[in-house]
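Everything on this sheet refers to the single structure shown next.
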Amino acid sequence: MGTFTLVIVILFLIGYLFIALESVTEVNKAAIALLMCVLCWSVYVFSPGAEIGEMLKMHLGDTAETLFFLMGAMTIVEIVDANGGFNFVRDLMKTRDKRKLLWRVAIATFFLSAILDNLTTSIVMIMVLRKLVRDNKERMIYAGLVIIAANAGGAFSPIGDVTTIMLWIKGMITTQGVITEIFLPSVMAMVVPTFILQYSLHGKFDKTQNFEQAQVSAFTETQRKIIFFCGVGGLIFVPIFRAITNLPPYMGILLVLGVLWTTTEIFHRQLDENDTMAKRVTDLLTRIDIPTILFFLGILMAVACLEEVGVLTQLGEELDRLTGGNHYLVTGIIGVLSSIVDNVPLVAGCMGMYPIAPTGDMAVDGIFWQLLAYCAGVGGSMLIIGSAAGVIVMGLEKISFGWYLKRMTWVAFVGYLAGILCYWLLDTFVFA
């Protein structure tokens, strides 16, 4: 490892440490991520033979696609929520029993994540939880489970997580293969943590505290349902739009946002302007969590720098050497690492290191690729900044890194191991 590379790694580790200690330093993680990004690339520009102009454009383009997708999804969910679109979803899930609600949240999040994606589902479920659980400390437990269930649900679907999309598009997994063999391990990764966390909740909700009817919209019930299905149904349509047009996902999100924006403007024309201006999209755009967007920008671009200097590829090769090519061990470690470093470049590095083989564990739908899809997706739940779902919930609910580390990390890890064990049993005794 060269001097410049070593300095970049040290800068990244120092930045990561400050992000992890945000609750102690009281310095916003977005500020640290931006500093880390710029400093890493500033060091890299002085390394011999570095041509960063095109590199930056390429990585910024990839990052911008993620950011526009995120901003579009956040805006869509904010529009639906502000205009009462989630009211009937809240009513379907409503129960005074805290443990029953926990299971309903887990199951709904799990399956929604497979249909939409883990990031969008996390935003939707947090909005619903805000209507059901008023106590912040209790809602943090539900929010932690949302992260775990969203990542578990995204792992068994080819469109549920960025990493599964990458593996699916490159032909390393198939839709039928990943759903058939990863579904039950993903269920275990959701059920086991839910079973453990239910013992953190006792009793029932107070009626007046948790279920008062909020007058959030002057729209009729029919109009609210139209807004809901326009927004959430539009998000479901995004993968279909991509398949039809071959355009990137953020273009589909912008299409849905445009349709939903137009629909709400038509509805607002029929109402008194003084009563509805605060619910119009032009005002709702000011509520978007910009610090979280900037955090994504900084962390993804910093990881891109690590990718360019070859650190992630070297790490993958070293793992392969140390484990003797044991696919369960390699992918298991990659899953743990994905909770520390973004899982996208880790999976990309693995895809570059290991070509598809005609037969065996490295073939299409082979053990390695399926385990990689599971581990990289579910493993991100072990730390709150280990997945896009975790980062967005962290921003929305103001959950600290330390609280999640203490209360949720071990729970997510137990579920992670349970899923791997389930996959081994299926592969050994069922699909063998």
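Take each complete run of DSSP H in the chain, measure how far its Cα atoms stretch along the helix's own axis, and keep only those covering 20 Å or more with mean Kyte-Doolittle hydropathy at least 0.0; list them.
Details: long enough: 3-20 (26 Å, 2.71); 29-44 (22 Å, 1.86); 52-82 (43 Å, 0.90); 98-115 (26 Å, 0.91); 118-132 (21 Å, 1.23); 136-155 (28 Å, 0.55); 175-197 (32 Å, 1.55); 221-245 (33 Å, 1.04); 249-269 (30 Å, 0.92); 290-308 (27 Å, 1.94); 409-429 (30 Å, 1.41).
Correct list, ordered by number: 3-20, 29-44, 52-82, 98-115, 118-132, 136-155, 175-197, 221-245, 249-269, 290-308, 409-429.
How about segment 122-153: which trypsin sites (Lys or Arg not before Pro) there lie in a loop by DSSP and see at most 16 other Cβ atoms within 10 Å?
Here the trypsin sites (Lys or Arg not before Pro) that fit, given the DSSP loop and packing criteria, are Arg134.
How long is the gain from Trp424 to Leu201 if the chain were fully straight, where each residue apart is worth 0.36 nm and the alpha carbon distance is subtracted? Show your work: numbers first, answer last.
On the way: separation 223, 0.36 × 223 = 80.28 nm, distance 3.23 nm.
Answer, rounded to one decimal: 77.1 nm.
Pick the calculated volume of the Cα convex hull per residue in Å³ for this structure from [x] 151; [y] 141; [z] 199?
Comparing each candidate, only [x] matches the computed number.
Scanning the chain for GluC sites (Glu not before Pro) in DSSP loops with at most 11 other Cβ atoms within 10 Å, what's the longest stretch left with none?
Values: sites that count: Glu26, Glu51, Glu212.
Counting at most 11 other Cβ atoms within 10 Å as exposed, the longest clean stretch of the chain is 213-432.
Can you tell me the order of 252-264, 320-332, 154-166 when each peptide is scored by its average per-residue count of other Cβ atoms within 10 angstrom, highest first?
With the highest mean Cβ count within 10 Å placed first, the list reads 154-166, 252-264, 320-332.
If I compute solvent accessible area with a 1.4 Å probe over the protein chains, what percent of it on the chain is carbon and sulfur? If you can, show how the numbers build up before the last one.
Values: 12150 of 18590 Å².
In the chain, the share of accessible area belonging to carbon and sulfur is 65 percent.
Taking the Cα centroid of segment 163-190 and of segment 82-136, what is the distance between the two, rounded to the nearest whole Å?
When both Cα centres are located, 24 Å separates them.
Using the Cα centre as the reference, give the magnitude of the dipole from point charges on the C-beta atoms of the chain (Lys, Arg: +1; Asp, Glu: -1; all else neutral), rounded to the nearest 20 debye.
In total the dipole reaches around 1480 debye.
Gain in length, Thr95 to Ile14, computed as 0.36 nm per residue apart minus the alpha-carbon separation, to one decimal in nm?
Working: separation 81, 0.36 × 81 = 29.16 nm, distance 4.49 nm.
Roughly 24.7 nm would be gained on extension.
Considering only DSSP states other than H, G, I, E and B, which chymotrypsin sites (Phe, Trp or Tyr not before Pro) in segment 27-74 qualify as loop sites with at most 16 other Cβ atoms within 10 Å?
Numbers: sites: Trp41, Tyr44, Phe46, Phe68, Phe69; in loops: Phe46.
Filter output for segment 27-74: Phe46.
With each run of n ≥ 4 DSSP H residues scored as -39500 (n - 2.57), what mean residue ellipticity at 222 nm is computed for the chain after dividing by its residue count and rounding to the nearest 500 deg cm²/dmol? Before the final figure, lay out the partial values.
Details: 23 runs with 322 residues, N = 432.
So the calculated ellipticity at 222 nm is -24000 deg cm²/dmol.
Using a 1.4 Å probe, what is the accessible area per residue for segment 291-432, in Å²? Before the final figure, lay out the partial values.
Details: 5200 Å² over 142 residues.
Per residue, segment 291-432 has an accessible area of 37 Å².
Please check: in the Gaussian network model of the chain (C-alpha springs, under 10 Å), which one of Ala33, Ala152, Ala189 has the largest mean-square fluctuation.
Of Ala33, Ala152, Ala189, the Gaussian network model singles out Ala33 as fluctuating most.
Mind listing which chymotrypsin sites (Phe, Trp or Tyr not before Pro) in segment 395-432 are in a DSSP loop and have 14 or fewer other Cβ atoms within 10 Å? Mind dumping the intermediate values first?
Numbers: sites: Phe401, Trp403, Tyr404, Trp410, Phe413, Tyr416, Tyr423, Trp424, Phe429, Phe431; in loops: Phe431.
Within segment 395-432, the qualifying chymotrypsin sites (Phe, Trp or Tyr not before Pro) (loop, at most 14 other Cβ atoms within 10 Å) are Phe431.
Quick check: residue separation of Gln270 and Thr174 times 0.36 nm, minus the Cα distance between them. What number comes out in nm? Working shown, then result.
Numbers: separation 96, 0.36 × 96 = 34.56 nm, distance 4.80 nm.
Once the chain is fully extended between Gln270 and Thr174, it gains 29.8 nm.
The values are calculated or read from the model by the stated rules, or taken from the named source; none is laboratory data. Note that this is a predicted model, so its numbers are computed, not measured. Heads up, the Cβs are rebuilt from the backbone with ideal geometry, glycines too, and the neighbour counts pull from every protein chain shown. Surface accessibility is based on the protein's heavy atoms, side chains included, excluding ligands, DNA and RNA. Shrake-Rupley method; radii C 1.70, N 1.55, O 1.52, S 1.80 Å.
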